[in-house]
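All remarks here apply to the structure that follows.
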């Protein structure tokens, strides 16, 4: 079975499992805040490892203690299951290591 971009109803349904994420302009997006720049940069390094393992890389930016992440599957022209898989890994990482710090 080939991979495909998800319909908007399917995206909104999947987002119910990731309540801090939103659908905007053909991306699923989230912003994370940290105690300081070092913690934000450490988080980005860990996410980079996940992304590299999946060969699926986020569009993102960092400003001091804030990391903005946008996910889409560019070659499919929309959000796919790969985006939700990476978003789930990112969310789990944040919840486990950074939310309580």
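Readers should treat all values here as calculations from the given coordinates under stated rules, not as data from a laboratory. These figures come from a predicted structure and were not determined experimentally.
List of remarks:
- For the chain, the longest principal axis of the Cα atoms and the long axis of helix 37-54 meet at an angle of about 30 degrees.
- Normalising the Debye intensity of segment 43-83 to I(0), with uniform scatterers on Cα atoms only, and taking log10 at q = 0.19 Å⁻¹ returns -0.58.
- Cα Rg, Dmax, the chain, angstrom units: 13.4, 43
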